[in-house]
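Take a look at the structure below.
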Amino acid sequence: MRQTKIKGPEQLIEKVSKQPSKIGKVNSAHAKKRILLAASELFALGGISALSVRSIADAAGVSTIGIYSHFNGKQGILDALFIEGYQMVHDTMAFSTVDLSARQILLKGVRGYLTLANQYEGHYRLIFGENGNQYEPSDEAREMSSKAFKRLVSHSCIILPPNSPWPLKQKIALDLWAFVHGYVSLKHHATSAMISEQHWQEMAVEGISIHIDALIAKYPTSQTK
């Protein structure tokens, strides 16, 4: 099945470079994106211990002074990665739902989420807590994570009656998120060398589909037809 390409940091680099702007501003935006991509790749390979100002600077092809001027050091980079990661989670679910059934909406969101987790593993690992308690998200970062979760709830609760209470909507969203995250975690930690990328994603979608069908059967509404 054809996957939707997630618009992530490297697409932003291309977009920024094409916009009419002063050279200094373009170069600055370019450098920031290189730094974040380098930090994400290092995090995916070695976790937070692999991140140092020097290692990030070397991987991004910038000076250590550039790291501090753009992000105020390692903690600033982690915060920017966290925000960017949840922004991508949010944007993955920002698609038109016109003429789509509840099942199709949920599965489209699931496929986009799985694709994002595969393409931006470093971002994903960071936003889901693989930092050894060495990073505390800022208020802005927490706000972005809350925004992404609210978008997930808005998609998930389409299988519920419109007047369903907020706690039930949260529970449905968390149930689905737990299923998807479980497949991603297995892929990251156990099955990456055992199962091909295509087979892994197909297996995840098939398994999550069973849960979605069970929820639709449990909460039949006109929205699920």
Return the carbon/sulfur percentage of the accessible area of region 89-225, one whole number, probe 1.4 Å, all protein chains in place. 55
Rounded to the nearest whole Å², what accessible area per residue is found for region 64-197 with the 1.4 Å probe? 48
Contour minus Cα-Cα distance for Ser146 and Asp58 (0.36 nm per residue): 28.4 nm
Does region 106-188 classify as rounded, prolate or oblate by the C-alpha gyration tensor (a ≥ b ≥ c root eigenvalues; a/c under 1.5 gives rounded; else a/b over b/c gives prolate, otherwise oblate)? oblate
For the pairs Lys147/Lys169; Lys74/Lys108; Lys74/Lys171; Lys33/Lys169; Lys108/Lys150; Lys150/Lys187, flag any whose C-alpha to C-alpha distance is greater than 24 Å. Lys74/Lys108; Lys74/Lys171; Lys33/Lys169; Lys150/Lys187
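The values are calculated or read from the model by the stated rules, or taken from the named source; none is laboratory data. Predicted model, so just to flag it, every value in this text is computed and none were measured. For the accessible areas, the whole protein counts, side chains as well, though only heavy atoms, and no ligand, DNA or RNA atoms are used. Shrake-Rupley method; radii C 1.70, N 1.55, O 1.52, S 1.80 Å.
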